[in-house]
Amino acid sequence: MPLSPLPSDSPVPLVLGSASPARLKTLRGAGVEPTVLVSEVDEDLVLAEALDRYGPLGPVDVALLLARAKAEDVASRNESPALVLGCDSVLELDGEIHGKPADAAEAVARWRRMRGRSGILHTGHWLVDDRDSGGATIGATASTTVHFAHLTDEEIDAYVATGEPLQVAGAFTIDGLGGPFVAGIEGDHHNVVGLSLPLLRELLADAGVGWFEVASLGSSGP
């Protein structure tokens with residue numbers, strides 16, 4: 001694989017099709033300053049259509065399917081030539097797929113299942129090169145095993161009461177209030193936040209774009 005070119009004064013523009021503050025912070029921390037354009041995808045409809053067409057999907061397929069739908073939706077509405085990135089995360093526990101909890105009761109019940117056990121956090125990434133010189137549309141899923149701490153009922157209730165578990169796939173964070181409740185991981189920790197930087201670099205390379213064509217050296221974010 002050829003070496004990435006040195007950073008230029010005008011990076012290749014990247015559009016992040018996600019409302020996730022954690023994904024935006026991860027990119028900024030790595031020197032990438034994306035434009036944010038949130039997708040308008042109806043995830044339930046996308047999954048229902050896929051189920052009708054292909055039959056049951058596994059967790060990896062669900063994450064990638066939704067990431068692609070989000071990227072393509074944003075690319076269709078984006079008005080300036082750019083690379084468009086869509087992401088979607090799901091937690092696999094006992095072979096079942098879990099996204100954001102519907103309510104506090106579901107979050108509590110899920111944490112009582114997860115505590116002291118391990119799950120796999122899958123994040124689908126889909127990249128659409130919407131530039132005149134582009135045309136690539138590629139994706140992949142990163143998977144990280146997450147080991148959860150042995151929480152008491154009181155800790156679970158208090159954590160869910162903060163509201164954070166209702167906002168994220170799997171009902172936990174590793175970079176926020178849920179950090180103390182993740183005993184360890186196997187794999188890329190960025191992926192647990194919601195965006196795997198190593199995988200994004202590989203997708204960019206497959207599209208013929210070097211990392212430092214989108215990232216700036218020495219950037220520390222806002």
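Yes or no: residue 70 basic (Lys, Arg), over 22 Å from residue 11 (Cα atoms) and in contact with a strand residue (DSSP E or B) (Cβ under 6 Å, 6 or more places away or on another chain)?
Yes, satisfied.
Every residue in the stretch 79-98 that is buried (at least 18 other Cβ atoms within 10 Å of the Cβ) and not in a strand (DSSP E or B), please.
82
Can you name every one of the strands (runs of 3 or more DSSP E) wholly within the stretch 108-222 that holds 1 or more residues which are more than 18 Å from residue 13 (Cα to Cα) and of a type in the set (Asp, Glu)?
Per the criteria, 182-186.
Would you point out which residue out of 168, 146, 192, 214 is closer than 24 Å to residue 66 by Cβ and in contact with a Gly (Cβ under 7 Å, 6 or more places away or on another chain)?
146
Does residue 76 count as polar (S, T, N, Q) and in contact with a Lys or Arg (Cβ under 8 Å, 6 or more places away or on another chain)?
no
Can residue 158 be described as over 26 Å from residue 95 (Cβ atoms), small (Gly, Ala, Ser) and surrounded by fewer than 17 Cβ atoms within 10 Å (Cβ to Cβ)?
Yes.
Tally up the residues in the stretch 136-184 that are farther than 19 Å from residue 101 by Cα, of a type in the set (A, V, I, L, M) and within 16 Å of the chain's Cα centre (by Cα), please.
Number of matching residues: 3.
Counting only residues that are among the charged types (D, E, K, R) and touching a residue at least 24 places away in the same chain (Cβ under 8 Å), which one in the stretch 107-134 is surrounded by the fewest Cβ atoms within 10 Å (Cβ to Cβ)?
The residue in question is 132.
Give me the pairs, please: first residue somewhere in the stretch 177-205 and at positive phi, second residue anywhere and of a type outside the set (Asp, Glu) and in a helix (DSSP H, G or I), beta-carbon distance under 6 Å, and either six or more positions apart or on two chains.
Matching pairs, first to second residue: 194/22; 194/23.
Need pairs with beta-carbon distance below 7 Å; first residue over 24 Å from residue 127 (Cα atoms) and within the stretch 85-101, second small (Gly, Ala, Ser) and in a strand (DSSP E or B); sequence gap 6+ or separate chains.
Correct list of pairs: 93/119.
Of (1) modelled with pLDDT under 95; (2) out of contact with any Lys or Arg (no Cβ under 9 Å at 6 or more places or on another chain); (3) among the hydroxyl-bearing types (Ser, Thr, Tyr), residue 196 satisfies all except one. Which?
Going through (1) modelled with pLDDT under 95; (2) out of contact with any Lys or Arg (no Cβ under 9 Å at 6 or more places or on another chain); (3) among the hydroxyl-bearing types (Ser, Thr, Tyr) one by one, residue 196 breaks only (1).
The values are calculated or read from the model by the stated rules, or taken from the named source; none is laboratory data. In this text the structure is predicted, and so the values were computed from the model without any measurement. A quick note on method: Cβ atoms are made from the backbone with ideal geometry, for glycine too, and the neighbour counts reach across all protein chains shown.
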